[in-house]
Amino acid sequence: MIVNTARFIISNTDYRKCPADIRHEYAFIGRSNVGKSSLINMLTGKKGLAMTSSTPGKTMLINHFLVNDSWYIVDLPGYGYARRSKADRERLECIIKSYILGREQMTNLFVLIDSRHKPQKIDLDFMEWLGENGVPFSIVFTKMDKQSATAAGLQTEAYLKQLLETWEELPPVFRTSSEKGLGRDAILNYIEEMNRLPLLDAEQ
Ligand code: GDP
C-alpha cells in the first residue's frame, strides 16, 4: 500500500468521543518507550506525526490519525511506566481497556514488544487478557536494528517459543525497525488486506 496522506484528527481519553465515522481502525499499543510513535511515523512516512516521547509515560490520550482519507491509525497510551501513581495506572488501564472492548471498528490491535527483551509479565498478562476477550491482535517486535540480525532473530524466536509453552497458536508476528524501515511493507500489506474485509457496522 502507498501512503499518500496521514493527518492527525483528534485526541481523547474516552473512546465514546473518538471519531464517529465507521472506518477500519488499527490501534498500536505497548510499554512506554517501546518505539510506538517511531513505528507510526515510519509506517505513515511522516516524521512528526506521532510525538516521540521525550517524557515517557506522560500521555494518556487516544490519538486518531486518518490515513489516505480512508482508515485510521490509533496511537494508544503506553502502559507499564513505573513512575506513574497507582491512581494514574488505574485510570490508564480503564482508558485502554474500554477503548479496546468498546470500539467496534478496531479491526486489529498491534501489540509492540521490544525485540531485545525477554517476555515481561505486564505484556504477557495484557496479551492473555486480549485472548480471553477475543480481541484480534498481532505482535510487532520493535528496534530490530539494535542488535545484529542474528541476535535479534534468535531473541524473537525465543520469545515466541516461550509464548507457545502456554498458547495454542501464535498471532501474526511482524519484525520491525523504524530506523531502517524494516517491516513497513509487511504491516501495510496486512492492513490493506484487512481493509478489504467488510466492517460489522458497515454491513448493517
Ligand atoms: P514510544 O514511547 O513507544 O512512543 O517510543 P518512541 O517512538 O518515542 O521511541 C523511544 C526511543 O526509542 C526513542 O529514543 C527512539 O528514537 C528509539 N527508537 C524507536 N524505534 C527505534 C528503532 O526501530 N530503532 C532504534 N535504533 N531506535 C528506536
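No value in this document is a laboratory result; all are computed from the given coordinates. Everything quoted here is computed from the prediction, not taken from an experiment. Cβ coordinates were reconstructed from backbone atoms using ideal geometry, including for glycine residues, and neighbour counts include every protein chain displayed.
Given a cut-off of under 8 Å on Cα pairs at least six residues apart, what relative contact order in percent is computed for segment 87-192?
Here the relative contact order equals 26 percent.
Name the long-range amide H neighbours of Ser138: under 5 Å, sequence gap of 5 or more, or other chain; modelled H, no Pro or chain starts.
Leu109, Phe110, Val111
Give me the one-decimal Kirkwood hydrodynamic radius in Å for the chain, with the sum taken over alpha-carbon pairs.
17.3
Grab the beta carbon distance between Thr13 and Leu199, set R0 = 35 Å, and tell me the FRET efficiency rounded to 0.05. Present the calculation step by step, with values, prior to reporting the outcome.
Details: r = 24 Å, r/R0 = 0.70.
For Thr13 and Leu199, the calculated efficiency is 0.90.
For a footprinting-style exposure proxy, rank Ile122, Ile73, Ile96 by other Cβ within 10 Å, fewest first. Walk me through the intermediate numbers first.
Values: Ile122 11, Ile73 24, Ile96 20.
Ascending Cβ contact count within 10 Å gives the list Ile122, Ile96, Ile73.
Listing Arg91, Arg83 from the residue with the fewest other Cβ atoms within 10 Å to the one with the most, what is the order?
Values: Arg91 15, Arg83 8.
Ranked by crowding around the Cβ, least crowded first: Arg83, Arg91.
With +1 assigned to the C-beta of every Lys and Arg and -1 to the C-beta of every Asp and Glu, and no other charges, what is the dipole magnitude of segment 99-179 about the Cα centre in debye, to the nearest 20?
With only Lys, Arg, Asp and Glu charged at Cβ, the dipole is about 320 debye.
Starting with the fewest neighbours, write out Trp129, Trp71 ranked by other beta-carbon atoms found within 10 Å of each beta-carbon.
Trp129, Trp71
For the chain, which longest stretch is free of loop sites, where a loop site is one of the GluC sites (Glu not before Pro) that DSSP puts outside H, G, I, E and B and that has at most 16 other Cβ atoms within 10 Å?
Here the longest run is 1-103.
Farthest toward the dipole's positive end in the chain, which of Ala6, Met60, Leu112, given Cβ charges of +1 (Lys, Arg) and -1 (Asp, Glu) about the Cα centre?
Met60
For Lys180, list the lysines whose Cα falls under 28 Å from its own Cα; do not include residues on the same chain fewer than 8 positions away.
Lys36, Lys46, Lys47, Lys58, Lys118, Lys143, Lys146, Lys161
Where does segment 1-52 land on Rg(C-alpha)/(2.2 N^0.38 Å)?
Ratio of Cα Rg to 2.2 N^0.38 Å: 1.23.
If you add up the charges near Trp129, with Lys and Arg at +1 and Asp and Glu at -1, over every other residue whose beta carbon is less than 11 angstrom from its beta carbon, what do you get? Walk me through the numbers on the way to the answer.
Details: positive: Lys97; negative: Glu93, Asp123, Asp125, Glu128, Glu132.
Combined, the nearby Lys, Arg, Asp and Glu give -4.
Helix-only mean residue ellipticity at 222 nm, the chain, DSSP H runs n ≥ 4 weighted -39,500 (n - 2.57), per residue, nearest 500. What is it?
-10500 deg cm²/dmol
For Ala20 and Glu104, calculate 0.36 nm times their separation in residues minus their Cα-Cα distance, and state this gained length in nm to one decimal.
Working: separation 84, 0.36 × 84 = 30.24 nm, distance 1.13 nm.
Here the segment from Ala20 to Glu104 would lengthen by 29.1 nm.
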